[in-house]
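The values are calculated or read from the model by the stated rules, or taken from the named source; none is laboratory data. Note that this is a predicted model, so its numbers are computed, not measured. Cβ sites come from the backbone with ideal geometry, for glycine too, and all protein chains shown count toward neighbours.
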Amino acid sequence: MNSIHDVGGMHNLGPIQIDLNEPVFKAEWEKQVFSTIGLYFAGGLCPIDEFRHAIEVMDPSEYLSTPYYVHWYHAMETLGIENGLFTLDELEAKVKQLADQETQA
């Protein structure tokens, strides 16, 4: 079954814009997501197939409207919960804590 992730090679989707000067990471958080997923791989917490599947279950509209490393972040959250690293409640509490710190700064 084809999904939004299977559009490669399809016709009539327009040209791909390539920026030869585009940085690998556009923001610090992208580096952190990349390195955290590396730790998941090194720790055996997510075989590449599970990582890919965690991205593929994203809502198609979210997948198409978000940058590349948001997809990795989504996989990091999904796999962290599925592998028992943290619960959704713990994740939400941490996000709230960080948001509160940001508003106080």
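Here are some notes:
- Identity of the residue in the stretch 60-93, β-branched (V, I, T) and not in a helix (DSSP H, G or I), that ends up modelled with the highest pLDDT: T87
- Filter result for L45 (among the aliphatic types (A, V, I, L, M), modelled with pLDDT under 90 and loosely packed, with under 15 Cβ neighbours inside 10 Å): no
- Checked against (1) within 21 Å of V95 (Cα to Cα); (2) in contact (Cβ under 8 Å) with a residue 24 or more places away in the chain, F51 passes all but a single condition, namely (1).
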